[in-house]
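The values are calculated or read from the model by the stated rules, or taken from the named source; none is laboratory data. For clarity, every value in this text was computed on a predicted model and none was experimentally measured. Ideal geometry is used to build each Cβ from the backbone, glycine not excepted, and the neighbour counts take in all protein chains shown.
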Amino acid sequence: MNNNNPIKQTIDVNSILCEIRNEIKEKGYTNDLPAFNDRPDQQFLANKEYDYLKTLCEVEPNKQLNGNGLIVFIKKIIRKLIKFYIVPIVESQNTFNHSVVHIFLRDYEMKGQINDLHERVTKLEELLREKGNV
């Protein structure tokens, strides 16, 4: 390969975009896809998943003990002996879990706001195009 004479090619991005826009107009494509918030089935699923996460975020340090009397008694003794070690770990895990669930909720809300703003920008761009400013 000879690198002394590179082939220079200019690309006219504006003409390509005009061609794409014309093709879109000719084919009658529109930008009327429903936003995430417009689909109630998606909102229902997101709310249902969030509620499910809230029920799972609490870790219970003392589960019900099963077995015969002697086994349950031994398990209770062991539980009391390691309580000083286990309880802070469980509390820390619960704090983390609540934080993660809260972040998921904020993320869901922010996505809704972003969709609303995107829809608003699209409408404003259409208005500008109609008035011939763009």
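Output the residues belonging to the stretch 15-40 that are of a type outside the set (F, W, Y), under 31 Å from the mean Cα position of the chain (by Cα) and at pLDDT 65 or above. Please lay out each step first, then the result.
Filtering the stretch 15-40 down to residues of a type outside the set (F, W, Y) leaves 15-28, 30-35, 37-40.
Now narrow it down to the ones that are under 31 Å from the mean Cα position of the chain (by Cα): 24, 30-35, 37-40.
The answer is I24, T30, N31.
Would you point out the residue of the stretch 106-134, among those that are of a type outside the set (F, W, Y), in contact (Cβ under 8 Å) with a residue 40 or more places away in the chain and touching a helix residue (DSSP H, G or I) at 6+ places or on another chain (Cβ under 6 Å), that is nearest to C18 (Cα to Cα)?
Residues of the stretch 106-134 of a type outside the set (F, W, Y): 106-107, 109-134.
Of the ones still in play, those that are also in contact (Cβ under 8 Å) with a residue 40 or more places away in the chain are 111-112, 115-116, 118-119, 122.
Those still in the list that are touching a helix residue (DSSP H, G or I) at 6+ places or on another chain (Cβ under 6 Å) too: 112, 115.
Values: G112: 32, N115: 27 Å.
Here the answer is N115.
Could you tell me which of the residues L65, L105, L81 is more than 30 Å from K123 (Cβ to Cβ), modelled with pLDDT of 75 or more, of a type in the set (A, V, I, L, M) and assigned to a helix (DSSP H, G or I)?
On the way: L65 fails: assigned to a helix (DSSP H, G or I); L105 fails: more than 30 Å from K123 (Cβ to Cβ).
Answer to the selection: L81.
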